[in-house]
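Peer 1: Right, I'll just put the structure down here and ask away after.
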Amino acid sequence: MWYRTQVAGSVDQPSRRASSFSRESGDQTRRALLDAAVRLVAERGWDAVTTRQIAERAGVNQGLIHYHFRSKDQLLHAAFERALRETFAEPGAALAHATDLRAAIADLVRGLEPGDEMEPLALFSVEAMARGARDVEIRRSMAEMLAEFREQIAGRIAAGQRRGELSADLDPVGTATVLGAMLDGLGLHVLIDPSIDIERTAAAASLITPPAERGITG
């Protein structure tokens, strides 16, 4: 019995390591394909990109696209899901848990300043959102993420009102909706016109949630 247990262990350990390595390799391939898709769509547009180009940019065999995503559309939709998370889910969580909501809003606006790493994601998001007018799946993903964002921010505003931090005259849901649209629109404006004064814009954006003692007029 002891011998059989030892043999089983000696066989099982490499098997587990191989399985772990396989999953890690698959995850790396998937990330590489998503990154390549984002950058190529940003450069060439959604419809102009091919699976061959994506595979070449990712440095993998073209067949792996079909293994991980089945089709170009599924790959691009997955890339858009990830872009949405970075665009709304992460900022939404940051605002929802912010100690100072106004300061957090200003910091998010400052983060919209264009840079080499942000630009491909921003351009990809613009391409995908424009396609959303004709793509039911993209519209559904956007609607779900925006609803989650509004719910998070409305909850944070309502909590701030209960603590006497924010003006009681604010409509939490309406303000959350305007805030999401404002951040989204500002991102596009900054992408088109990098000369926008980010500091002045951040200061103005923070006024969307006035403190209780100032009322809605600030």
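Computed from the coordinates by the stated procedures, all read-outs in this text should not be read as laboratory data. Because the structure is predicted, anything quoted here is derived from the model rather than measured. A quick note on method: Cβ atoms are made from the backbone with ideal geometry, for glycine too, and the neighbour counts reach across all protein chains shown.
Peer 1: Tell me, 30, 44 in order of fewest to most beta-carbon neighbours within 10 Å?
Peer 2: Ordered by Cβ neighbours within 10 Å, fewest first: 44, 30.
Peer 1: Please work out the FRET efficiency for the pair residue 195 and residue 70, using the Cβ-Cβ distance as r and a Förster radius of 35 Å; give the result to the nearest 0.05.
Peer 2: The calculated FRET efficiency here is 0.20.
Peer 1: Local charge sum around residue 199 (other residues, Cβ-Cβ under 12 Å, Lys/Arg +1, Asp/Glu -1)?
Peer 2: -1
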